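Participant: Handing you this structure, nothing more for now.
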Amino acid sequence: MLNRVKLFNEIAEFGKTPTYLSLPLTFRQKMFIAKLRLSALPIRIETGRFERPRLLPNERLCPSCRVQNAIENETHFMFECPSYNNLHNTWMETLKKGPGFDILSMSEKLKTCFTVKENVKITAKYVIDCFDLRSRMI
């Protein structure tokens, strides 16, 4: 599982302006991309730390799916949660990805989604749609 600092370090291009800041995205799209990149999206891995009693990371299970012991972190939210399969399949079909995308490491997949100019807007829409669906389910 990627931790907060590691996730940002894995996808950040230090010394360069993040791709999403130079694209014509809506405020909401930029906000969701920024929150996801910085591990600040209110998903269970983040919100569980503020519950009392505080939940251990392995107790911050996904409220959207019924997969046993599925911790809701950024990678589960974007790539693994079966609750978003329809949205995920549509996103994957439109995503510009090179050959071998499926065998890339999770950090390389995330980097492709957040730094390839053609993918940023598509990824922002996907994240917003998933989060909206998540909000209706829980």
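The values are calculated or read from the model by the stated rules, or taken from the named source; none is laboratory data. What you see is a predicted model, and the numbers here were worked out from it, not measured in a lab. Quick reminder, even Gly has a Cβ in these numbers, built from the backbone with ideal geometry, and neighbours come from all protein chains shown.
Participant: Of the residues Ile33, Ile45, only one is within 22 Å of Lys117 (Cα to Cα), of a type in the set (A, V, I, L, M, F, W, C) and under 14 Å from the mean Cα position of the chain (by Cα); which?
Facilitator: Details: Ile45 fails: within 22 Å of Lys117 (Cα to Cα).
After applying the criteria, what remains is Ile33.
Participant: Could I ask something else about it? Name the pairs: first residue in region 45-66 and without any contact (Cβ under 8 Å) to a residue 24 or more places away in the chain, second residue of a type in the set (Lys, Arg) and surrounded by 13 or more Cβ atoms within 10 Å (Cβ to Cβ), Cβ to Cβ under 7 Å, at least 6 apart or on different chains?
Facilitator: Pairs that qualify, where the first residue is without any contact (Cβ under 8 Å) to a residue 24 or more places away in the chain and the partner is of a type in the set (Lys, Arg) and surrounded by 13 or more Cβ atoms within 10 Å (Cβ to Cβ), are Gly48/Arg60; Arg60/Arg44; Leu61/Arg44; Cys62/Arg44.
Participant: A follow-up question, please. Which one of these does Glu93 not meet: (1) in contact with a helix residue (DSSP H, G or I) (Cβ under 9 Å, 6 or more places away or on another chain); (2) within 20 Å of Cys130 (Cα to Cα)?
Facilitator: Glu93 satisfies all of (1) in contact with a helix residue (DSSP H, G or I) (Cβ under 9 Å, 6 or more places away or on another chain); (2) within 20 Å of Cys130 (Cα to Cα) except (1).
Participant: Out of the residues in region 67-93 that are aliphatic (A, V, I, L, M) and without any contact (Cβ under 8 Å) to a residue 40 or more places away in the chain, state the one that is nearest to Thr47 (Cα to Cα).
Facilitator: Per the stated criteria, the residue is Ala70.
Participant: With respect to Glu51, is the statement that it is of a type in the set (Asp, Glu) and out of contact with any strand residue (DSSP E or B) (no Cβ under 7 Å at 6 or more places or on another chain) true? Reasoning before the result, please.
Facilitator: Values: of a type in the set (Asp, Glu): yes; out of contact with any strand residue (DSSP E or B) (no Cβ under 7 Å at 6 or more places or on another chain): yes.
It is true that Glu51 is of a type in the set (Asp, Glu) and out of contact with any strand residue (DSSP E or B) (no Cβ under 7 Å at 6 or more places or on another chain).
Participant: Also, I was wondering about something else. Somewhere in region 32-52, is a residue more than 21 Å from Arg134 (Cα to Cα) and at pLDDT 90 or above?
Facilitator: Just the residues of region 32-52 that are more than 21 Å from Arg134 (Cα to Cα), to begin with: 52.
Those still in the list that are at pLDDT 90 or above too: 52.
Checking region 32-52: at least one residue is more than 21 Å from Arg134 (Cα to Cα) and at pLDDT 90 or above.
Participant: Still on this structure: Can you find even one residue in region 13-23 that is at pLDDT 90 or above, crowded, with 17+ Cβ neighbours inside 10 Å and either touching a Leu at 6+ places or on another chain (Cβ under 9 Å) or not in a helix (DSSP H, G or I) (or both)?
Facilitator: Checked region 13-23: no residue is at pLDDT 90 or above, crowded, with 17+ Cβ neighbours inside 10 Å and either touching a Leu at 6+ places or on another chain (Cβ under 9 Å) or not in a helix (DSSP H, G or I) (or both).
Participant: Continuing with this model, one more query. Quick one: Lys16 ticks every box in (1) under 11 Å from the mean Cα position of the chain (by Cα); (2) more than 16 Å from Ala124 (Cα to Cα) except a single one, so which number is it?
Facilitator: Of (1) under 11 Å from the mean Cα position of the chain (by Cα); (2) more than 16 Å from Ala124 (Cα to Cα), only one is false for Lys16: (1).
Participant: Considering only region 43-60, state which residues are surrounded by fewer than 19 Cβ atoms within 10 Å (Cβ to Cβ) and outside any loop (DSSP other than H, G, I, E, B).
Facilitator: Glu46, Thr47, Gly48, Arg49, Phe50, Pro57, Asn58, Glu59
Participant: Still on this structure: For Thr94, state whether it is polar (S, T, N, Q), over 21 Å from Gly48 (Cβ atoms) and in contact with an Asp or Glu (Cβ under 7 Å, 6 or more places away or on another chain). Show your work before the answer.
Facilitator: Values: polar (S, T, N, Q): yes; over 21 Å from Gly48 (Cβ atoms): yes; in contact with an Asp or Glu (Cβ under 7 Å, 6 or more places away or on another chain): no.
So Thr94 fails the test.
Participant: Run down Val67, Val116 and say which single residue is closer than 25 Å to Phe27 by Cβ, surrounded by 12 or more Cβ atoms within 10 Å (Cβ to Cβ) and among the β-branched types (Val, Ile, Thr). Explain how you work it out, then say what you get.
Facilitator: On the way: Val67 fails: closer than 25 Å to Phe27 by Cβ.
Sole residue among the options that is closer than 25 Å to Phe27 by Cβ, surrounded by 12 or more Cβ atoms within 10 Å (Cβ to Cβ) and among the β-branched types (Val, Ile, Thr): Val116.
Let's see how each residue does on (1) of a type outside the set (A, V, I, L, M, F, W, C); (2) within 11 Å of the chain's Cα centre (by Cα); (3) surrounded by 13 or more Cβ atoms within 10 Å (Cβ to Cβ); (4) within 18 Å of Met31 (Cα to Cα):
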| position | (1), (2), (3), (4) |
| --- | --- |
| Asn86 | yes, no, no, no |
| Met92 | no, no, yes, no |
| Leu95 | no, no, yes, no |
| Glu108 | yes, no, yes, no |
| Ala124 | no, yes, yes, yes |
